[in-house]
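The values are calculated or read from the model by the stated rules, or taken from the named source; none is laboratory data. Here the structure is a predicted model, which is why all the values come from computation and not from measurement. When we count neighbours, we look across all protein chains shown, and the Cβ atoms used for this are built from the backbone with ideal geometry, even at glycine. Just so you know, the surface numbers come from the protein's heavy atoms only, side chains and all, with ligands and any DNA or RNA stripped out. Shrake-Rupley method; radii C 1.70, N 1.55, O 1.52, S 1.80 Å.
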Amino acid sequence: MVTTTHTSDRLGTDARMAARAARRRGPRASIARYYSLTKPRVLLANALTAVAGYLLASAGRFDLWVFVSLTIGSTLMIASACVLNNVLDRDIDAIMQRTRARATVSGSISAVRAVVFSIILGALGMASLAIGTNGAVMLAGSIGFVTYVVLYGMLSKRMSVHGTLVGSVSGAIPILSGYLAASERLDAGAIIAFAILFLWQMPAFYSISIYRRDEYARAGIPVISVVRGIRATLVQILIYTIAFVLATLLLPLSGLVGIVYSATMAALGLAWIWLGARGLRARNPEIWARQMFRFSMIMVLAICLMVSVGPLLP
């Protein structure tokens, strides 16, 4: 178990949580260890996009039963996928600095118990979606689960430079699920919302691949920065940033949002494009990449907020 302050500071959020819980005993520590397997930050971010998708499509027509079922069901399904991903990634996580203290790596939770935990979460999540939403939401949730666990976690992440593209499909499913829960149809608004979240993930995670390039190389993960180099990654980040901004500005064409949304996202989008362009001449790409990733967090919070309230504003 890693215990030094220097190393602990370099651990990811879930790994730090697991490391602290591993030093304690009792029910609270056990709950913390299991909770860490759900990758809390990833879980919260994805659940938030599901809520945003519902609020976008509902445009003020709020059905509490559907909303609660969607929120609980999506959260549990995402948590289930994250737990199972932890089990599958034990060999990789043991090598990478930010993940080496995860509960499935340290052994504080066995692989068998983690799988059982994942199954329980998934079953409860699907039951919640079945009770309160519709078949389209259940199908979308199932596709997201399989894409993240199998197509991304088991296959493309380990075998292809395009793993991030595959992972981004699963990351865009929650906002689509939320939209489908409210609208019960796949229309232009749903497709654009999905595209926005899909495109957002590319510059965000390509930025991570730059400042964690050495870790990915040691783990044998063929991310773009390892396979094609930093310069090619910088170019791709800028391209996808521009594509993301354009996608956000297409949403008003669906009639769901208006001028307040458009002005806000245009201003933030131009700022992100400017920051992305700076990467092409950055003297220290690692420092720039961290800035780019931090700004991506601002962007995803902004898009969730604006698609949630945009239908109610001019």
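The residues of segment 210-291 expose on average 49 square angstrom of accessible surface per residue, using a 1.4 Å probe on protein heavy atoms.
If packing is taken as the average count of other Cβ atoms within 10 Å, what order do 202-210, 279-287, 149-157 fall into, highest mean first?
Highest mean packing first, the order is 202-210, 149-157, 279-287.
Taking only protein heavy atoms and a 1.4 Å probe, what accessible area per residue, in Å², does segment 35-182 have with all protein chains in place? All intermediate terms of the calculation are to be shown ahead of the outcome.
Details: 5770 Å² over 148 residues.
It amounts to 39 Å² per residue over segment 35-182.
Once fully extended, how much extra length lies between Asn284 and Leu312, figured as 0.36 nm per residue of separation less the alpha-carbon to alpha-carbon distance?
Values: separation 28, 0.36 × 28 = 10.08 nm, distance 4.27 nm.
Using 0.36 nm per residue and subtracting the Cα-Cα distance, I get 5.8 nm.
Any idea what the relative contact order of segment 98-209 is, in percent, if you count C-alpha pairs under 8 Å spaced at least 6 apart? Relative CO of segment 98-209 lands at 22 percent. Derived scalar couplings between HN and Hα for segment 11-22 equal 6, x, 4, 5, 5, 4, 4, 5, 5, 5, 5, 5 Hz in order, rounded to whole Hz, by the Karplus curve 6.51 cos²θ - 1.76 cosθ + 1.60 (θ = phi - 60°), x for Gly and Pro.
Of all the accessible heavy-atom surface of the chain, with the other protein chains kept in place and a 1.4 Å probe, what percent is carbon and sulfur?
For the chain, the apolar C and S fraction of the accessible surface comes to 66 percent.
For the chain, the Cβ-based charge dipole about the Cα centre amounts to some 1260 debye (Lys, Arg positive; Asp, Glu negative; other atoms uncharged).
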